[in-house]
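The block underneath contains the structure these notes are about, expressed in structure tokens.
The values are calculated or read from the model by the stated rules, or taken from the named source; none is laboratory data. Just so it is clear, the structure is predicted and the values come from calculations on it, not from any experiment. Glycine also receives a Cβ, built like all others from the backbone with ideal geometry; neighbour counts cover every protein chain displayed.
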Amino acid sequence: MVVLDKTKSGLELSLDFTLPSRLIPGSAGGGGGEQTGKPYTYISNTGNDISDAFRKIQSDLSRKISFGQTRVIVIGRQLAEEGFESILDFFAREPTMHMNAYLFVTPGKARDIESTSAIMERFPTDILVGYANSHVTVDSTIKDFLTGGDIIVAMLKFGKTKIESEKEKEQLWMGTSGAAIFKQGKMVDTLNTGEMRGGLWILGKMKDAEISVSSPTDGKDVSFMVKRAQTHIIPKVREDQIEILIQCKAEAEVLSSSSNINLLESKQLEKLGQSLDMEVNKRMTSAIDKTKKVQSDPFRFGEYIDWNYPVKWNSMKPRWRDLYSSIKIETETNITIKQIGTYLNHVHVTTDSLNEVAQ
């Protein structure tokens, strides 16, 4: 993992390294005994730029650094707002670096991640890779960033809690939040968690999503697992009129219900489906409105126009940011409820019914 923060005179670079002597319990001393300490460490240094900081780290190590196993790059917010395109250019020129390494932005200092506890995994890197692979957040990579400065990047959040397995000591934990909006390589705004997931729908990267909507009978929550989502983006250009249509289809299964709704009634089920459609449309529209406000096109709508109307795109491209902030973008969602489960309604136990059973 590569961790980057802005400093007054340049930047700070931190690299995590596996400690082979701590990977197997008892191997450090050549005998038995319990493993002591984390199986990894961070080495940091500062410099005018990333090359300078990297040279300083390398000069203090007996082994040559290779980025061949690097899967994650974490950027502090201040550096993200300044822009780190030149840093990613450094990695793009590094022959051992994988262009599919995931990007994350932290709300404060990126080095906060060094204090987090990797309870469920052996290394913090595995946690971040798990976030991206499971599509609970945006899985933007170096390659995505270098192919265009407009992009959304996953944001992390940090907090403190007591963990029972750690003898109830207060630990710094890490989780996913929303996403950072980048315009021409600089962070300009953020999406909240709902808007970020709306972005996943637009990008066609929504894998499995749990969504709760209010029941039409009593307003209580009914939770669904949305699966097999598909997204199609259709651009339409007529003279100077530009329209983008986003069509989403998916299937949903009932997870739980605190409502008295009868899921066997087709009309009630249809209303629930409409509520799901409205919720997804709301998330997508809110995410799009945020990007319009800052004139950033992280969902690459311009590319769809280029593919379908290449001649017209050539004339639009120089003024695309101004056009994007005012174009008409519509969303259409059709979520079909396929499974309602075998447990359809609440069981209401009364004193009379218990007496009848006892008799």
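Before moving on, here are some points about what is shown:
- Selection within segment 208-223: residues that are of a type in the set (A, V, I, L, M, F, W, C) and over 20 Å from the mean Cα position of the chain (by Cα). The member of this set that is surrounded by the most Cβ atoms within 10 Å (Cβ to Cβ) is VAL222.
- Criterion applied to LEU269, LEU263, LEU245 was being more than 22 Å from GLU332 (Cβ to Cβ) and assigned by TED's automatic domain parsing to the domain that holds PRO310, and the one residue passing it is LEU263.
- Boolean, GLY108 is in contact (Cβ under 8 Å) with a residue 12 or more places away in the chain, surrounded by fewer than 14 Cβ atoms within 10 Å (Cβ to Cβ) and either on the phi < 0 side of the Ramachandran plot or assigned by TED's automatic domain parsing to the domain that holds MET187 (or both): yes
- Among the residues of segment 80-90, the one identified as buried (at least 17 other Cβ atoms within 10 Å of the Cβ) and not in a helix (DSSP H, G or I) is PHE84.
- Screening the candidates LYS293, LYS282 for the property of being assigned by TED's automatic domain parsing to the domain that holds LYS207, within 19 Å of GLU332 (Cα to Cα), at pLDDT 95 or above and not small (Gly, Ala, Ser) yields one hit, LYS282.
- Subset tally (residues that are buried (at least 23 other Cβ atoms within 10 Å of the Cβ) and not aliphatic (A, V, I, L, M)) for segment 179-207: 6
- Whichever residue in segment 181-196 is of a type in the set (D, E, K, R) and modelled with pLDDT under 95 and, among such residues, is farthest from ILE246 (Cα to Cα): LYS186
- If the condition is being aliphatic (A, V, I, L, M) and either assigned to a loop (DSSP other than H, G, I, E, B) or farther than 16 Å from LYS143 by Cβ (or both), then segment 53-74 contributes ALA53, ILE57, LEU61, ILE65, VAL74.
- Note on segment 224-239: among residues that are loosely packed, with under 15 Cβ neighbours inside 10 Å and under 26 Å from LYS328 (Cβ atoms), the one that is modelled with the lowest pLDDT is GLU239.
- Within segment 85-119, the residues that satisfy the criterion of being among the aromatic types (Phe, Trp, Tyr) and under 19 Å from the mean Cα position of the chain (by Cα) are TYR102, PHE104.
- Residues in segment 31-52 that are modelled with pLDDT of 90 or more, part of a loop (DSSP other than H, G, I, E, B) and within 29 Å of the chain's Cα centre (by Cα): ASP49 only.
- Condition met for LEU103 (in the same structural domain as LYS186 (by TED's automatic domain parsing), free of Cβ contacts under 8 Å to residues at least 60 places away in the same chain, under 18 Å from ALA180 (Cα atoms) and in a strand (DSSP E or B)): yes
- Residue match in segment 123-130 (condition: without any contact (Cβ under 8 Å) to a residue 12 or more places away in the chain, part of a helix (DSSP H, G or I) and under 19 Å from THR176 (Cβ atoms)): yes
- Of all residues in segment 264-300 being part of a helix (DSSP H, G or I) and of a type in the set (S, T, N, Q), the one that is surrounded by the most Cβ atoms within 10 Å (Cβ to Cβ): THR291
- The residues listed here are GLY199, GLY178; of these, the one that is assigned to a strand (DSSP E or B), at pLDDT 90 or above and either β-branched (Val, Ile, Thr) or under 30 Å from ILE244 (Cβ atoms) (or both) is GLY178.
- For segment 306-359, a residue qualifies if it is charged (D, E, K, R) and either modelled with pLDDT under 75 or assigned to a strand (DSSP E or B) (or both), and the qualifying residues are LYS328, GLU330, GLU332, LYS338, ASP352, GLU356.
- Against the test of being modelled with pLDDT under 90 and either crowded, with 16+ Cβ neighbours inside 10 Å or of a type in the set (S, T, N, Q) (or both), the options ARG93, ARG77, ARG22 yield a single qualifying residue, ARG22.
Okay, residues lined up against (1) of a type outside the set (Lys, Arg); (2) touching a strand residue (DSSP E or B) at 6+ places or on another chain (Cβ under 7 Å); (3) over 22 Å from ILE57 (Cβ atoms):
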{"residue": "GLU81", "(1), (2), (3)": "yes, yes, yes"}
{"residue": "ALA101", "(1), (2), (3)": "yes, yes, no"}
{"residue": "ILE152", "(1), (2), (3)": "yes, yes, yes"}
{"residue": "LYS157", "(1), (2), (3)": "no, yes, yes"}
{"residue": "THR161", "(1), (2), (3)": "yes, yes, yes"}
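- Condition check for ASN260: touching a His at 6+ places or on another chain (Cβ under 8 Å) and either surrounded by fewer than 15 Cβ atoms within 10 Å (Cβ to Cβ) or not in a strand (DSSP E or B) (or both): yes
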